[in-house]
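Take a look at the structure below.
Only the coordinates and a few stated rules stand behind these numbers; no lab work does. Because the structure is a prediction, the values reported are computed rather than measured. Quick reminder, even Gly has a Cβ in these numbers, built from the backbone with ideal geometry, and neighbours come from all protein chains shown.
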Amino acid sequence: MSMFKALEEAVTKLHQVDPGSDSTRYPVTKDGEPSMAETGFLLGAFKDLIEKCAALIEGSYDWVIEGVRFRAEMRREFEEMIGELNF
């Protein structure tokens with residue numbers, strides 16, 4: 001299973017167990033009980049998955065930016081070469 005498919009399934013499960021996001025925003029109920037304890041949803045594992053996806057996205061962004069910079073540098077060098085040929 002891909003990381004993003006796992007993330008999709010985790011988000012779907014989180015929505016099923018906490019559709020109003022109250023349990024994830026407030027770790028304890030008004031009675032002082034853990035709000036996510038009975039759901040079986042592991043927030044720590046979810047956090048780890050989010051961090052892995054974020055690292056992959058950030059790495060992809062860096063790769064794209066490097067490609068854009070490389071292309072711009074090659075274009076500048078090409079234009080300098082053409083300028084030196086006095087066309």
Item checked: Of Trp63, Gly83, Pro27, farthest towards positive along the dipole that unit charges on Lys, Arg, Asp, Glu beta carbons give the range 3-85 -> Pro27
Check: Which value, in debye to the nearest 20, describes the size of the charge dipole of the range 25-87 about its Cα centre when Lys and Arg Cβ atoms bear +1, Asp and Glu Cβ atoms bear -1, and nothing else is charged?
Finding: 220 debye
Notebook entry, point to check: Add -39500 (n - 2.57) for each DSSP H run of 4 or more in the chain, then divide by its residues: what number comes out at 222 nm, to the nearest 500 deg cm²/dmol?
Noted result: -24500 deg cm²/dmol
Notebook entry, point to check: Expressed as an acute angle from 0 to 90° and rounded to the nearest 10, what is the orientation of the C-alpha long axis of helix 43-85 relative to the principal long axis of the chain?
Noted result: 10 degrees
Margin query: Less than 21 Å apart at the alpha-carbon level, and either on another chain or at least 8 residues along: which lysines does that give for Lys52?
Written below: Lys5, Lys13
Check: Can you give the Rg and Dmax of the chain based on its C-alpha atoms, in angstrom?
Finding: 24.0, 81
Next item on the list: Mind giving me the FRET efficiency for Val68 and Thr29? R0 is 35 Å, r the Cβ-Cβ distance, nearest 0.05 is fine.
Entry: 0.10
Next item on the list: Would you mind telling me which residue in Thr39, Thr29, Thr12 has the biggest mean-square fluctuation in a Gaussian network model of the chain, where springs connect alpha carbons within a distance under 10 angstrom?
Entry: Thr29
